[in-house]
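Engineer: Before I ask anything, let me first share the structure, which is written out below as structure tokens.
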Amino acid sequence: MSGEQGKKRGTAGVGTHATPESLPSGLAALFASAGPAAKARPVEKWNPPHCGMIDMRITADGSWHYRGSPIGRPALVKLFASILRRDPEGYVLVTPVERVGITVEDVPFIAVEMAASEAAGGRVLTFRTNVDDIVQAGPNHPLRFETDAKGGMKPYVHIRGGLWARLTRALALGLADLVEVRPDAAGGQIMGVASAGAFFAIAAAGDGEDGGT
């Protein structure tokens, strides 16, 4: 194989497997008609037949892969993210004519930026994801907290329709600085984070007061 052939093959392996020709027909049509920006589509209104699984995966770090290769084009990742939905059977990409399943290792999105501001009702936390969704944590976009393998706090924010974003380690550390303790209904105390008039519990006070990450 010549050097030039090797270069071409190497280039083809980096995120270029997701082409119109290699995708199911509905995704290919969407791919071909997509503009420069991809906003969330009305996928909750679409109920096409399920056409099986495709070899697409979102890894725990938020990277998208197709047929084993990373999808290197941010615009294409945003396009797929705009038609992502979570059904009872799992995560699916939805178009008006078909629905295909994909694999998600943890959650589909990563929260990469956080801003805290003050409003009449108190603090408001605003998050931006790796696909440029922007949400304000509150009743419609709750925070939830899990514990990682090392016992640290692993926070998530709800984006839409059962789709969540995990906060980066840096954001988790910043969020830990905003933890406060409030009385609970049982007469004890609970740690949590407030945003947009809602309080999101982490744990009973004393069950990990360092908010470690």
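Every number here is computed from the coordinates shown, using simple stated rules; none is lab data. Please read these numbers as outputs of a predicted model, since none were measured by experiment. No Cβ is skipped: glycine too gets one built from the backbone with ideal geometry, and neighbour counts run over all protein chains shown.
Engineer: Expressed as a rounded percentage, what relative contact order does the stretch 75-213 have, with Cα pairs under 8 Å and six or more residues apart?
Structural biologist: Across the stretch 75-213, relative contact order equals 20 percent.
Engineer: Let me ask something else. Could I have the simple spin-label model distance between residue 123 and residue 150, label points 7 Å from Cα toward Cβ, reported in nm to one decimal?
Structural biologist: So the two model labels end up 2.3 nm from each other.
Engineer: At 0.36 nm per residue, minus the direct Cα-Cα distance, what do residue 134 and residue 116 gain on full extension? Give it in nm, one decimal, please.
Structural biologist: 5.2 nm
Engineer: Is the stretch 109-204 best put as rounded, prolate or oblate by its Cα gyration tensor, with a ≥ b ≥ c the root eigenvalues, rounded for a/c under 1.5, and otherwise prolate when a/b is larger than b/c, oblate when not?
Structural biologist: Oblate is the answer for the stretch 109-204, as a/c is 1.5 or above yet b/c matches or exceeds a/b.
Engineer: In addition: Counting Lys +1, Arg +1, Asp -1, Glu -1, what net charge surrounds residue 171 among other residues with beta carbon under 12 Å of its beta carbon?
Structural biologist: So the surrounding residues net to +2.
Engineer: Now a separate question. If we count every other residue with Cβ under 11 angstrom of residue 156's Cβ, Lys/Arg +1 and Asp/Glu -1, where does the sum land? Don't skip to the end; give the middle numbers.
Structural biologist: Values: positive: 144, 154, 166; negative: 106, 146.
Local net charge: +1.
Engineer: Out of residues 5 or more away from residue 204 or on other chains, whose amide H comes under 5 Å of its own, with H placed 1.01 Å from N in the peptide plane?
Structural biologist: 191
Engineer: Students often check this: by mean Cβ neighbours within 10 Å, which of 133-146, 72-85 ranks highest, and how do the rest follow?
Structural biologist: 72-85, 133-146
Engineer: Still on this structure: Which part of the stretch 153-175 falls in the paramagnetic zone of residue 103, meaning amide N under 18 Å from the point 7 Å along Cα-to-beta-carbon?
Structural biologist: Correct set: none at all.
Engineer: Taking 0.36 nm per intervening residue step and subtracting the Cα-Cα distance, what contour gain separates residue 75 from residue 57 on full extension?
Structural biologist: 4.8 nm
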